[in-house]
C-alpha cells in the first residue's frame with residue numbers, strides 16, 4: 001500500500017512540474033527511472049485514442065475494421081473535444097528503422113493537427129513497457145532551433161538482433 005501511494009505521488013509530481021522526456025518507459029522500472037504509468041496517465045486524459053499500423057490504417061476500437069485516414073477524416077473533424085489525441089503505433093510500425101518511424105510520426109501528427117487536435121501524442125507498444133515517441137506539447141530541445149512548430153520525436157539507434165529497450169535519448173524530426 002505504501003509503495004502504491006509513493007508511486008502515485010511520484011507520478012503526479014512528474015506530471016505537474018517536470019516535462020517528461022521522449023524515450024522508453026519500462027513497465028517495471030529500476031530505482032532511477034519512471035515507469036510506464038506516467039505515460040498511461042497521459043493516455044487516460046486523452047479525448048480519443050487510436051491505433052495505427054504499418055498499412056497506414058487506424059483502428060477506432062470499432063469491431064475488427066480498420067480505416068484509412070480519408071475514411072475517418074470527417075469523423076475526426078466533427079469531434080467536439082480535441083485537446084488531446086493519443087495514437088498508438090503497433091509493433092508493425094515500431095519494428096522498423098528510425099527513418100520509417102519518423103516519417104510515419106510526421107504524417108500522423110500532420111493529419112491529426114489538420115483535423116483540429118491541439119495536442120498529439122504518439123506511443124509505441126513494447127512487451128516490456130512503452131515508447132513515448134512524439135508529443136506536440138514538448139518544448140524544443142537544445143539543437144532544435146529550426147524546428148518551431150514541429151513535434152518532438154524520439155530517436156534511437158537500432159541494436160542488431162535485440163528487442164531490448166534502448167536508453168532514453170532525444171532527437172527531432174527533419
The one condition residue 71 fails out of (1) without any contact (Cβ under 8 Å) to a residue 40 or more places away in the chain; (2) over 15 Å from the mean Cα position of the chain (by Cα); (3) farther than 22 Å from residue 114 by Cβ is (3)
Suppose the filter is modelled with pLDDT of 90 or more, under 14 Å from the mean Cα position of the chain (by Cα) and within 15 Å of residue 49 (Cβ to Cβ); does residue 109 pass it?
no
Among 123, 34, the single one that is in contact with a helix residue (DSSP H, G or I) (Cβ under 9 Å, 6 or more places away or on another chain), within 17 Å of residue 22 (Cβ to Cβ) and modelled with pLDDT under 95 is 34
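The values are calculated or read from the model by the stated rules, or taken from the named source; none is laboratory data. Here the structure is a predicted model, which means the values were calculated and not measured. Glycine also receives a Cβ, built like all others from the backbone with ideal geometry; neighbour counts cover every protein chain displayed.
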